[in-house]
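Right, one structure below, let's go through it.
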Amino acid sequence: MSCEVKEKERAGIINPIFTCQPCGAQYASIGIKDCIGIVHGGQGCVMFVRLLFSQHFKESFELASSSLHEDAAVFGALRRIEEAVDVLLMRYPHIKVVPIITTCSTEIIGDDIDGVVNKLNRGLLKKKFAGREVYLVPIHTPSFTGSMVSGYNIAVKDFVKYFAKKGEPNGKVNLITGWVNPGDVTALKHLLSEMKVDATVLFEIESFDSPLMPEGNTVSHGNTTVEDLTGTANAIGTIALNRYEGGQAAEYLEKKFGVSAVIGPTPIGIRNTDIFLKNLSTMTGKPIPKSLVHERGIAIDAITDVAHMFLADKKVAIYGSADLVIGLAQFCLDMEMKPMLLLLGDDNKSYIKDPRIEELQKNVDYDMEIITNADLWELEDRIKNKGLKLDLILGHSKGRFISIDNNIPMLRVGFPVYDRAGFYRYPIMGYAGAIWLAEAIANTIFTDMEYQKNREWILNVW
């Protein structure tokens with residue numbers, strides 16, 4: 001028996017799991033209050049990303065583009081940034097934070113966005129917008145390397161690096177959530193509240209679930225402020241829930257300002273949520289209250305109701321971001337399921353050294369494959385051509401046709417989910433997330449049983 005970790009053998013990509021780095025930087029930017037990012041690239045670099053966000057959240061988000069055309073490839077396009085900043089600040093008088101996000105085209109032609117930011121700070125901002133609080137933040141996210149996950153990681157670090165400033169201790173904990181949904185932030189803030197821990201949450205995205213009001217539609221945006229970002233240097237410590245989605249920012253704060261950092265594990269399932277609360281208690285000196293012990297008991301009871309009788313030995317494939325996939329795999333193993341194939345969808349070479357993967361390699365007692373730099377063909381090929389038998393697929397909506405074509409039930413998890421309603425409201429983190437995941441997995445299998453007209457014994461019921 002083995003747990004083999006290997007990179008995708010093909011050079012090309014067929015049906016990618018992720019989109020590119022600028023998408024991740026844009027996702028980080030919409031979590032900040034009074035912030036509109038300028039994506040320095042073609043119009044599509046914003047249009048298609050906004051479409052993904054709108055499909056997932058069913059909301060509208062504000063992002064700008066420097067809107068490059070063919071002449072930029074020859075003559076450069078820094079003037080487009082200057083024009084974009086000028087127009088954006090005139091049109092939106094409340095805007096304070098303007099990240100300048102590069103793309104593959106502008107990185108290849110070599111546009112010096114750091115230089116143009118310095119020029120604008122000395123010129124346009126002093127002359128035309130004198131006295132106005134404006135922060136131009138350069139963020140380098142070339143699309144020809146990494147993925148939206150690494151782009152998010154880079155952007156979170158760049159925002160923290162730009163704003164964090166040493167001052168008086170604020171008694172807070174920095175909680176870097178990673179690429180999560182509003183429902184996860186709600187669940188995490190509930191845990192913080194029960195622990196009576198004051199925290200700076202990066203990022204406050206609960207408001208992405210925007211109301212429809214009598215006065216008109218609401219444009220969604222996050223509520224993390226400049227002051228929140230500045231104060232990250234004065235916290236008790238930082239807990240980054242995801243190693244690859246905010247871990248760099250936690251490490252920067254530790255090295256630069258001595259703010260102790262704890263990275264992971266992603267609090268998916270009972271044991272990882274237990275570790276998160278223990279880390280929080282150790283960092284703050286506050287005890288874990290009985291109310292959370294009670295919630296834990298409810299979650300364990302909910303899992304017990306479905307795990308052994310209905311989920312034991314069910315074979316599952318999981319794809320998406322590494323932190324999500326590994327966390328889900330650990331949770332499935334705790335429910336007696338068998339993750340057979342894990343697809344990590346970008347070119348990060350450090351995955352193979354991830355201690356969580358090393359733990360899987362030591363403890364898994366059946367054949368499991370972990371593919372890095374993977375695409376969705378790796379899943380489809382194994383099902384169609386290599387005899388992989390599955391009872392369930394866990395992943396975002398891009399893999400839905402593999403599920404449909406091969407009659408394998410699928411639970412949508414991750415980003416983007418656009419063929420199910422309201423999934424962004426439901427947490428997968430914390431004890432509440434453990435309940436939702438366990439019951440959603442069971443219900444997905446139950447529903448498939450009805451479609452397939454299978455008898456009860458399929459679900460281990462005598």
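Ignoring aspartates and glutamates fewer than eight residues from residue 349 along the same chain, the ones with Cα atoms less than 12 angstrom from its Cα are 7. Think of region 327-372 as a dipole: +1 on every Lys or Arg Cβ, -1 on every Asp or Glu Cβ, centred on the Cα centre; then among 350, 329, 364, 350 lies furthest on the positive end.
Counting 0.36 nm for each residue step from residue 421 to residue 124 and taking away their Cα separation leaves a gain of 102.5 nm. Neighbours of residue 397 by Cβ distance under 9 Å: Lys/Arg scored +1, Asp/Glu scored -1, total +3. Projected label points at residue 206 and residue 407, each 7 Å from Cα along the beta carbon direction, are separated by 4.6 nanometres.
Exposure proxy ranking for 193, 105, based on other Cβ atoms within 10 angstrom of each Cβ and starting from the fewest, stands as 193, 105. Shape of region 21-146 from the C-alpha gyration tensor: oblate (a/c of 1.5 or more and a/b not above b/c, with a ≥ b ≥ c the square roots of its eigenvalues).
The magnitude of the dipole of the chain, with charges of +1 and -1 set on the Cβ of Lys/Arg and Asp/Glu and taken from the Cα centre, is near 860 debye.
From the Cα gyration tensor of the chain, with a ≥ b ≥ c the square roots of its eigenvalues, which class applies: rounded if a/c is under 1.5, or else prolate if a/b is larger than b/c, or else oblate? Prolate. For the pair residue 218 and residue 366, label points projected 7 Å from Cα toward Cβ lie 4.5 nm apart.
In this rough spin-label picture, where each label sits 7 Å from Cα along the Cβ direction, the residue 449-residue 196 distance is 4.6 nm.
Number of Lys pairs in region 173-289 with C-alpha atoms less than 21 angstrom apart, excluding same-chain neighbours closer than eight positions? Total qualifying Lys-Lys pairs in region 173-289 comes to 5. Straight-distance candidates among the lysines for linking to residue 96, with alpha-carbon spacing under 19 Å and chain neighbours fewer than 8 residues away dropped: 33, 119, 126, 127, 128, 157, 161, 165. Where both bridge residues fall in the chain, DSSP classifies roughly 5% of the beta bridges as antiparallel. Counted by neighbouring Cβ atoms within 10 Å, the residues 210, 281, 403 run from fewest to most as 281, 210, 403. Extension gain, residue 298-residue 439: 0.36 nm per intervening residue step, less the Cα-Cα distance, totals 49.5 nm.
Can you tell me which of 232-239, 297-304, 78-85 comes out highest on packing, and rank the rest after it, using the mean Cβ neighbours within 10 Å?
The peptides rank, most packed first, as 232-239, 78-85, 297-304.
Counting only aspartates and glutamates at least 8 places from residue 314 when in the same chain, those with an alpha carbon closer than 15 Å to its own are 334, 336, 365, 367, 391, 439, 448, 456. Counting only DSSP beta bridges whose two residues both lie in region 173-289, roughly 10 percent are antiparallel. Remark: 104, 45, 35 ranked as 104, 35, 45, counting other beta-carbon atoms within 10 Å and listing the fewest first. Using 1/(1 + (r/R0)^6) with R0 = 30 angstrom and r between the beta carbons of residue 114 and residue 256, what's the FRET efficiency to the nearest 0.05? It comes out at approximately 0.95. Computed from the Cβ-Cβ distance with R0 of 45 Å, the FRET efficiency linking residue 4 to residue 291 stands at 0.55.
The numbers here are math on the coordinates, done by the rules we state, and not lab data. Remember, it's a predicted structure, so these values are computed and weren't measured experimentally. Using ideal geometry, Cβ is built from the backbone for each residue, glycine included, and neighbour counts are taken over all protein chains shown.
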